[in-house]
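Worksheet for the structure shown next.
The values are calculated or read from the model by the stated rules, or taken from the named source; none is laboratory data. Model, not experiment: these values are computed from the prediction. Positions of Cβ are generated from backbone atoms using ideal geometry, with glycine treated the same way; all protein chains shown enter the neighbour counts. SASA here: full protein model, heavy atoms, side chains in, ligands and nucleic acids out. Shrake-Rupley method; radii C 1.70, N 1.55, O 1.52, S 1.80 Å.
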Amino acid sequence: IAAIAPSGRELARRIARAVGPSARSVVEIGAGTGVVTRALLDGGIPADGLLVVEHNRELAALLERRFPGVEVVRGDAFDLEAVIEAAGSVRAGRVDAVVSGLGLATVDRDRQRALLEQAFRVLRRSGRFVQYTYAVGGENARTFKDGKSLIFMRFCNARTIPQELDERWFPVVY
């Protein structure tokens with residue numbers, strides 16, 4: 001669990017907008033309680049085109065109850081390609097967007113990069129990777145306005161991976 005509280009509805013709406021209006025095949029990793037999942041569905045993503053990956057058993061069960069038409073997989077997002085290969089709702093290379101709510105600010109750079117490389121391999125050429133995360137400290141964190149929390153949100157084309165993941169990779173969006 002990467003956040004002490006669910007994401008707010010306004011952040012969830014911004015994330016859904018960042019996915020883009022034409023997206024029809026989306027993978028959400030680290031879905032938590034489903035606030036972003038709801039915003040994605042409300043924003044026009046079809047339930048049968050949404051794959052939700054959640055590692056926590058209780059949260060995955062909650063998501064299955066809340067979103068019966070959505071494929072929810074209890075799995076490890078850091079093994080994203082295998083999870084997608086086993087899934088029925090999306091296909092690697094045909095994904096319009098990967099939305100990540102994982103706590104990447106607390107993960108070492110090698111694991112960050114490995115996840116991003118997998119995400120970009122499953123995205124279609126024009127696909128988008130959207131990351132949002134919270135942090136209160138650590139080497140990968142920067143301070144938000146109030147000095148207590150941080151929101152990273154990043155949109156990028158599927159084929160633009162920077163050589164080094166540094167502070168330019170995670171611009172803060174308020």
Heavy-atom accessible area ranking, 1.4 Å probe, most first, across Glu64, Glu71, Glu58, Glu28:
Glu58, Glu64, Glu71, Glu28
Spin-label model distance (nm) - Arg17 vs Arg125, 7 Å beyond Cα toward Cβ
2.9 nm
Would you pull out the residues with amide H under 5 Å of Leu123's amide H, same chain only if 5 or more places away, H placed 1.01 Å from N?
Gly93
Could you tell me the largest-minus-smallest coordinate of the C-alpha atoms of region 1-92 on each of the three principal axes, in descending order and whole angstroms?
32, 31, 23
If amide H atoms are modeled at 1.01 Å from N in the peptide plane, then the residues at a separation of 5 or more from Glu28, or on another chain, having amide H under 5 Å from its own are Leu51, Val52, Val53, Val99
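What's the FRET efficiency of Glu81 with Glu10 using the Cβ-Cβ distance as r and R₀ = 22 Å, to the nearest 0.05? Could you put the intermediate results ahead of the total?
Details: r = 32 Å, r/R0 = 1.46.
Between Glu81 and Glu10 the formula returns 0.10.
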